[in-house]
Amino acid sequence: MRRKLAAGNWKMNGLRANLTEVTALTTAHSAPGVDILLCPPATLLAPMAAAAEGTALAVGGQDCHAAAAGAHTGDVSASMLADAGASYVILGHSERRADHGEQNEDICAKAKAALAAGLTCVICVGESEAERDAAQTLDIIGEQLSGSIPDDLTAETLVVAYEPIWAIGTGRTPTLEQIGEVHDFIRARLQSRFGEATGAATRILYGGSVKPGNAAEIFAVPNVDGALVGGASLKATDFSAIISALEAAPQQG
């Protein structure tokens, strides 16, 4: 059975004072029935890892460079993330693809670096509103899966997050049928590429305006193994409600 995962992406938000949210979260979920992950900005990675030490909370980075080291001012390597206490890293988020021009091959190179550093990759895929309207969603998702995921990732080192770009931070969400269609497609592609067992064991998250009010119905969709949560992960009360909904959701896999 796939272990469910509630992942929070703080994006470019948070100062040291906000680490009180970590204490509140780990107190509320001292023995969670699901995996919990928070990915803060790089400045908070080490202090958050220290605050989470001895708890069930895992900490991750929001991006990494493909190189192990070198003259890359402002960038952070996968080994640096691991050294700071990270066990996961988000790669290929649509905001990275849009703001920094990242292509599938760039994300694949970063995933290889993350794997070498012992990190689990959360690789994001998703279509724009124009691509959805043009009925290109599955074509786009298929290209991103093929180009962004290295051949040597496994169910233990890979998480796929489906985030329709038009739903991120907008308050809009796809219909449950649309979410199910894409998650089923991703599952079939993973099984075709990596084999039945690995494809069936790999976790697939949904992301895009996940809130306490809609989490339960999203988690009831087949092949939804959890969520990648943005704004709602910044407050322990909101993220805790989403975690609780995931704990109560039907077991997948």
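Only the coordinates and a few stated rules stand behind these numbers; no lab work does. If you're wondering where the values come from, they're calculated on a predicted model, not measured in any experiment. Every residue, glycine among them, receives a Cβ derived from its backbone with ideal geometry; neighbour counts consider all protein chains shown.
In the set ALA215, ALA227, ALA245, which member is touching a Leu at 6+ places or on another chain (Cβ under 6 Å), surrounded by 21 or more Cβ atoms within 10 Å (Cβ to Cβ) and either within 22 Å of SER87 (Cβ to Cβ) or not basic (Lys, Arg) (or both)? Just a single option satisfies the conditions, and that option is ALA227.
Output the residues belonging to segment 68-101 that are under 20 Å from GLY169 (Cα atoms), without any contact (Cβ under 8 Å) to a residue 60 or more places away in the chain and of a type in the set (D, E, K, R). ARG96, ARG97, ASP99, listed by residue number. Put simply, of ILE123, ILE107, ILE140 the only residue that is touching a residue at least 24 places away in the same chain (Cβ under 8 Å), assigned to a helix (DSSP H, G or I) and among the β-branched types (Val, Ile, Thr) is ILE107.
Residues in segment 6-23 that are part of a helix (DSSP H, G or I) and surrounded by 15 or more Cβ atoms within 10 Å (Cβ to Cβ): ASN18, LEU19, GLU21, VAL22.
Limited to segment 67-98, what total is found for residues that are within 12 Å of LEU115 (Cα to Cα), under 18 Å from the mean Cα position of the chain (by Cα) and assigned to a loop (DSSP other than H, G, I, E, B)? Count: 1. Answer yes if at least one residue in segment 184-198 is closer than 16 Å to ILE90 by Cβ and either buried (at least 21 other Cβ atoms within 10 Å of the Cβ) or of a type outside the set (Gly, Ala, Ser) (or both), and no otherwise. Scanning segment 184-198, I find no residue that is closer than 16 Å to ILE90 by Cβ and either buried (at least 21 other Cβ atoms within 10 Å of the Cβ) or of a type outside the set (Gly, Ala, Ser) (or both), so the answer is no. Can you find a residue in segment 4-13 that is within 23 Å of HIS93 (Cβ to Cβ), in contact with a strand residue (DSSP E or B) (Cβ under 7 Å, 6 or more places away or on another chain), among the polar types (S, T, N, Q) and in contact (Cβ under 8 Å) with a residue 60 or more places away in the chain? Within segment 4-13 (the criterion being within 23 Å of HIS93 (Cβ to Cβ), in contact with a strand residue (DSSP E or B) (Cβ under 7 Å, 6 or more places away or on another chain), among the polar types (S, T, N, Q) and in contact (Cβ under 8 Å) with a residue 60 or more places away in the chain), the answer is yes, since at least one residue qualifies.
Looking only at residues in segment 43-76 that are in contact with an Asp or Glu (Cβ under 9 Å, 6 or more places away or on another chain) and under 20 Å from PHE239 (Cβ atoms), the one that is surrounded by the fewest Cβ atoms within 10 Å (Cβ to Cβ) is ALA56. In segment 24-66, the qualifying residues are those that are among the small types (Gly, Ala, Ser) and assigned to a loop (DSSP other than H, G, I, E, B), and the one that is nearest to ALA113 (Cα to Cα) is ALA66.
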